[in-house]
Amino acid sequence: MRTQVAIIGGGPSGLLLSQLLHLQGIKTVVLERRSKAHVLSRIRAGVLETGLLSLLRAAGVDGRLASEGIPHHGTLISYEDMMFRIDFEALTGRSVMVYGQTEVTRDLYAAREACGGELRFEVQDVSICAADSAAPYVIYTHEGQQKRLECDFIAGCDGFHGVSRKTIPPRARRTFEKVYPFGWLGVLSETPPVSDEIIYAGSERGFALCSMRNPLLSRYYIQCPASEDPAGWSDEAFWTELRSRLPRAQAEALVTGPSVEKSVAPLRSFVTEPMRWGRLFLCGDAAHIVPPTGAKGLNTAASDVHYLFEGLRAWYESGDAHQLDAYSERALARVWKAERFSWWFTSLMHHFPGQSDFDRRMQRAEIEFLASNRAAQQALAENYVGLPY
Ligand code: RFL
Ligand code: PHB
């Protein structure tokens, strides 16, 4: 079988790229290791930058987003009982949208299926071949049979644990990594959110985050050891720990209920360079990971999709390879800024094991500075709403 762009991974990066290319008349096949139900059971990002919103609009998948997404014009930051607001609208003239990644993915699947898009689920043993030649191809197993997919280009959108990055020989890539000594224990509950705006909460007991998906669905996280087993946390223990990390007013206002999902995510910063090897292009979590504190993972995946889409469009329209040749450099320039912001915000808000009293006071002093300094708030706000593509 032959296509123009073989896309490995049917997460948000792969699906969005596939839909954008389809609208330009460029053929793709998406190969996804898991079932659709499994992909749609993963609870991940919740905050979308305007750049991603524009891409979803261009892809024609913004209908439900426009009616169900919740615009957020600011966010709250607390430390013990102190709390202040970062006013995105006043500081940058822009805002973000709260709409779950699960819903973005559901909308993208619906759009691909409505266009008769080629999506293969539960494929196994994907292997990328001859990516450094003019005739790359992918071998995989589907429904018990080995298949061969020939193509012009391969988009590696298969996340951090995928095969695409590992296909690039070690001599041709360099990786940069920082693993944080903690994770986030996340809970989804069918309760009204404690606040209309997301709260990033620092405390002596560790970080906590209060977010939401809709007016009756809340998403909360608490910092925990990276090796924590979520099964070891009863709902009651989670709510008690969350309350202890919030300012008194929010702790008292918190509405609790049974959790509908509970999971632990490790925190990591990771970048691989370059993001291209021959005709293989890495996109999203396949190439880079950020800790979730800045809400940048999905948004950075989206800017990669934008640069790669522009490059492929130019190539198919006129044979112009300039933008494809510039892909890795352009994507990485923005990736590193998101890495810096996510690392900074993570370092500011979390309790680090073994941290000295002096280090804690430095964090507190920086939070107090942020609470009172417009320039510092503006720097945070510009990064949070998203740097330009
Ligand atoms: P994904 O979503 O991991 O999708 C990759 C897909 O590839 C499949 N796959 C394979 N398919 C075929 N063959 C193989 N060998 C394969 N190996 C893997 C996988 O099954 C999967 O379906 O990567 P993608 O598309 O690049 O998307 C990236 C985002 O998922 C990720 O960056 C965000 O979820 C990160 N993130 C957040 N990002 C934000 O922008 N804002 C947020 O508020 C935000 N919050 C979060 C987050 C991530 C979190 N976790 C769980 C790590 C909160 C959390 C808790
Ligand atoms: C979420 O709603 O899941 C969420 C929000 C903000 C973050 C991370 C995750 O920084």
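Numbers below:
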{"read-out": "Flag for GLU122 being more than 30 Å from GLY257 (Cα to Cα) and open to solvent by 70 Å² or more (accessible area, probe 1.4 Å)", "value": "yes"}
{"read-out": "Filter result (among the hydroxyl-bearing types (Ser, Thr, Tyr) and under 20 Å from PRO12 (Cβ atoms)) within segment 277-333", "value": "THR293, THR300, SER303, TYR307, TYR327"}
{"read-out": "Restricting segment 256-274 to residues that are more than 11 Å from ligand 1 (Cβ to nearest atom) and either among the small types (Gly, Ala, Ser) or without any contact (Cβ under 8 Å) to a residue 60 or more places away in the chain (or both), the residue that is most open to solvent (accessible area, probe 1.4 Å)", "value": "SER259"}
{"read-out": "Selection status of ARG57, under 19 Å from the mean Cα position of the chain (by Cα) and under 20 Å from ALA338 (Cα atoms)", "value": "no"}
{"read-out": "Helices (runs of 4 or more DSSP H) (entirely within segment 14-113) containing at least 1 residues that are over 29 Å from PRO266 (Cα atoms) and in contact with a Cys (Cβ under 9 Å, 6 or more places away or on another chain)", "value": "none"}
{"read-out": "Residues of segment 5-36 classified as open to solvent by 10 Å² or more (accessible area, probe 1.4 Å), hydrophobic (A, V, I, L, M, F, W, C) and within 12 Å of ligand 1 (Cβ to nearest atom), total", "value": "0"}
{"read-out": "Inter-residue pairs, beta-carbon under 6 Å, first closer than 20 Å to LEU280 by Cα and in segment 139-159, second open to solvent by 70 Å² or more (accessible area, probe 1.4 Å) and part of a loop (DSSP other than H, G, I, E, B), 6+ apart", "value": "LEU149/MET1"}
{"read-out": "Qualifying positions in segment 226-252 - surrounded by 12 or more Cβ atoms within 10 Å (Cβ to Cβ), closer than 21 Å to ILE199 by Cα and of a type outside the set (S, T, N, Q)", "value": "ASP235, PHE238, TRP239, GLU241, LEU242, ARG243, ARG245, LEU246, PRO247, ALA249, ALA251"}
{"read-out": "Residue in segment 172-192 that is free of Cβ contacts under 8 Å to residues at least 12 places away in the same chain and either farther than 20 Å from PHE345 by Cβ or among the β-branched types (Val, Ile, Thr) (or both) present", "value": "no"}
{"read-out": "Number of positions in segment 114-169 that are among the hydroxyl-bearing types (Ser, Thr, Tyr) and on the phi > 0 side of the Ramachandran plot", "value": "0"}
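The values are calculated or read from the model by the stated rules, or taken from the named source; none is laboratory data. Model, not experiment: these values are computed from the prediction. Positions of Cβ are generated from backbone atoms using ideal geometry, with glycine treated the same way; all protein chains shown enter the neighbour counts. Ligands, DNA and RNA are stripped out before the accessible areas are found, and what is left, the full protein with its side chains, is counted by its heavy atoms. Shrake-Rupley method; radii C 1.70, N 1.55, O 1.52, S 1.80 Å.
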